[in-house]
Amino acid sequence: MRIVVTGREGQLAHSLRAVGASSGVDIVCLGRPELDLSEAATVSATLLGTGADVIINAAAYTAVDRAESEPEKAHAVNAAGAGLVAQAAQRLGVPIVHVSTDYVFDGGWQHPYREEDRVCPLGAYGASKHEGELRVAAANPRHVICRTSWVYSPYGQNFVKTMLRLAGERDEVGVVADQLGSPTYALDLAEALLRIARRVLDQKVLDEKVVDEKVVDEKAADTPLFGVFHVAGSGQASWADLAEAVFAASASSGGPSARVRRIDTKDYPTPARRPADSRLDAGKLQERYGIVLPDWRASVGDCVSRLLAGRAGTGSSTSASP
């Protein structure tokens, strides 16, 4: 199985390479300049020659706050670019696994969001990701749209790495405590995406044995394996909860630690509004694929251990959410 991944330097691309290497999957990560989702001419020209069996669209404009002043750039990558990737996958006759975000929700529902719940993004980033979902679904009936949230890893820049850095600089850190979400370890997410890719590829091969391509396309939209899924770590946390878990894991291994001063969102204003409660219900993923991501607390411990042991690279992801 050859999986082509759009995006080369982000947390998820690094994690997919790591998980793929340990499981014998051929992972090809493509990025700028040869593949630039904001430059339409590069997308199909690059992807059509890859020999992909499945495409995972992990490339994204992830600067949530900067998107408020650069909405056109976020749209070019997250919406228009995502649609072009899905079109290329359709031309290749292969499924697309597209990574989206909890920021498509406004956070006012006060229970974990299910896939069919109302989408209402609060800012330019979330709006661009929602438009991307729509374009991917329209371009390729064999789509698996995976919404995830609060992604962290040993790679790039993210919340866990920021907390460890701050713990080495100060005794106390103020962290927002009135936003709830589903922290997701990028290595757990990568493993789930590879399992999804295997299943949809197996389904494609099975379908092609019994029906011609035209019928496959008509059937695909109704296939239970396709559609929108929530793929996030088990359990829930506030940012303050996550910070406390990071510091506890670090202290237990002799690393830096700090006290958490719990603050409200209003005490830490940002250009973009964040959803107050963007927890994701991943029951559909378990039902259709048999996949349950580990509890975020255990995964935080693994991430911190890797960071303290120096078992990580330095990607360029710019946000704790994809």
Exercise for the section: Could you tell me which numbered condition ALA41 fails, if it satisfies all but one of (1) surrounded by fewer than 19 Cβ atoms within 10 Å (Cβ to Cβ); (2) closer than 24 Å to SER182 by Cα? Expected result: (2)
Exercise for the section: Being closer than 18 Å to SER238 by Cα and either without any contact (Cβ under 8 Å) to a residue 12 or more places away in the chain or surrounded by 12 or more Cβ atoms within 10 Å (Cβ to Cβ) (or both) is the filter here, so list the residues in region 168-183 that pass it. Expected result: VAL173, GLY174, VAL175, VAL176, ALA177, ASP178, GLN179, LEU180, GLY181, SER182, PRO183
Exercise for the section: Determine whether region 216-227 contains at least one residue that is buried (at least 20 other Cβ atoms within 10 Å of the Cβ), hydrophobic (A, V, I, L, M, F, W, C), closer than 30 Å to VAL136 by Cα and modelled with pLDDT of 95 or more. Expected result: yes
Fill in the blank from the handout: So, first residue among the β-branched types (Val, Ile, Thr) in region 112-132, second residue not in a loop (DSSP other than H, G, I, E, B), Cβ within less than 8 Å, six or more apart or across chains; the pairs are VAL119/VAL104; VAL119/HIS130
Practice task
Give the number of residues within region 133-161 that are free of Cβ contacts under 8 Å to residues at least 60 places away in the same chain and of a type in the set (S, T, N, Q).
Solution key: 1
Completion exercise
Counted residues in region 1-12 being among the aliphatic types (A, V, I, L, M) and part of a loop (DSSP other than H, G, I, E, B) come to 1
Problem - Residues of region 13-42 classified as of a type outside the set (A, V, I, L, M), part of a helix (DSSP H, G or I), in contact with a helix residue (DSSP H, G or I) (Cβ under 8 Å, 6 or more places away or on another chain) and modelled with pLDDT of 90 or more, total - result: 3
Completion exercise
The condition from (1) under 21 Å from ARG118 (Cβ atoms); (2) surrounded by fewer than 16 Cβ atoms within 10 Å (Cβ to Cβ); (3) of a type outside the set (Val, Ile, Thr) that ALA251 misses is numbered (1)
Problem - Any hit, region 187-205, residues being surrounded by 23 or more Cβ atoms within 10 Å (Cβ to Cβ), at pLDDT 95 or above and more than 20 Å from GLY20 (Cβ to Cβ) - result: no
Practice task
Taking ALA137 as the residue in question, decide whether it is on the phi < 0 side of the Ramachandran plot, surrounded by fewer than 24 Cβ atoms within 10 Å (Cβ to Cβ) and out of contact with any Ser or Thr (no Cβ under 9 Å at 6 or more places or on another chain).
Solution key: yes
Exercise for the section: Would you point out the residue of region 77-124, among those that are within 16 Å of the chain's Cα centre (by Cα) and of a type in the set (S, T, N, Q), that is surrounded by the fewest Cβ atoms within 10 Å (Cβ to Cβ)? Expected result: SER100
Handout entry: Number of the exception - LYS73 against (1) surrounded by fewer than 24 Cβ atoms within 10 Å (Cβ to Cβ); (2) within 25 Å of ARG199 (Cα to Cα)
Key = (2)
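The values are calculated or read from the model by the stated rules, or taken from the named source; none is laboratory data. A quick note: this is a predicted structure, and the numbers were derived from the prediction, not measured. Backbone-built Cβ (ideal geometry, glycine too); neighbour counts: all protein chains shown.
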